[in-house]
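Here's the structure we're looking at; comments come further down.
Read the figures in this text as sums done on the coordinates, not as results from a lab. Keep in mind that this is a model prediction, so the values were computed, not measured. Heads up, the Cβs are rebuilt from the backbone with ideal geometry, glycines too, and the neighbour counts pull from every protein chain shown.
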Amino acid sequence: MGRKPLATEVKRQKGSFVAKPKRENKLEPKPPKGWPEKTELVLSDPLASQKWSETCQMLDDMNVLSKADRDLLELFCMNWSQYIALLKKVQEVGIVGEMLNHRGEVVLKRSPYQAELSRITDRQAKLLTEFGLTPSSRSRIATVRDTKPESSFDKWIERGGLN
């Protein structure tokens, strides 16, 4: 499996289509912007529902949220809820526990909760990159900024104000 393809907007900003304009996908779908409706599954889980609102707000502030993100958001938020539940369980029972082997001897074994927590943590990290919520994934996405001109006050603040 190779690299994930770059978004068309990223390619456009890099100038990839200057030499070969026919390579641009003019028919690329553009999903509608806005907050998707919470799914029934997310509504039934208070922790997932809270994570949904936090994540949607963050993605909206980054100008990358669309209504087409609903299913991936559901997966992300439900995974988050499972992560928190498993984390609490691991904190309660520990990472390693004593168990009896087939000869009746006490041996130390990794907690099955810890093993599942590791799997969910990996899945959550992958989902974070899909939304551009890791430092490296943010560097690979581009957004359309507001086109309103900055006021002279904004420019003054950016330069350091009175400093």
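Among Trp80, Trp35, Trp52, sorting on how many other beta-carbon atoms sit within 10 Å of each Cβ, with the fewest leading, yields Trp35, Trp80, Trp52. Each residue of region 20-28 was assigned a 3J(HN,Hα) from its phi angle through the Karplus curve 6.51 cos²θ - 1.76 cosθ + 1.60 (θ = phi - 60°); the sequence is 10, x, 6, 6, 6, 7, 6, 9, 4 Hz, with glycine and proline shown as x. Among Phe131, Phe17, Phe76, a tally of other beta-carbon atoms within 10 Å of each Cβ gives an order, fewest to most, of Phe17, Phe131, Phe76. Applying 1/(1 + (r/R0)^6) with R0 = 30 Å to the Cβ-Cβ distance of Asp61 and Arg110 gives a FRET efficiency near 0.15.
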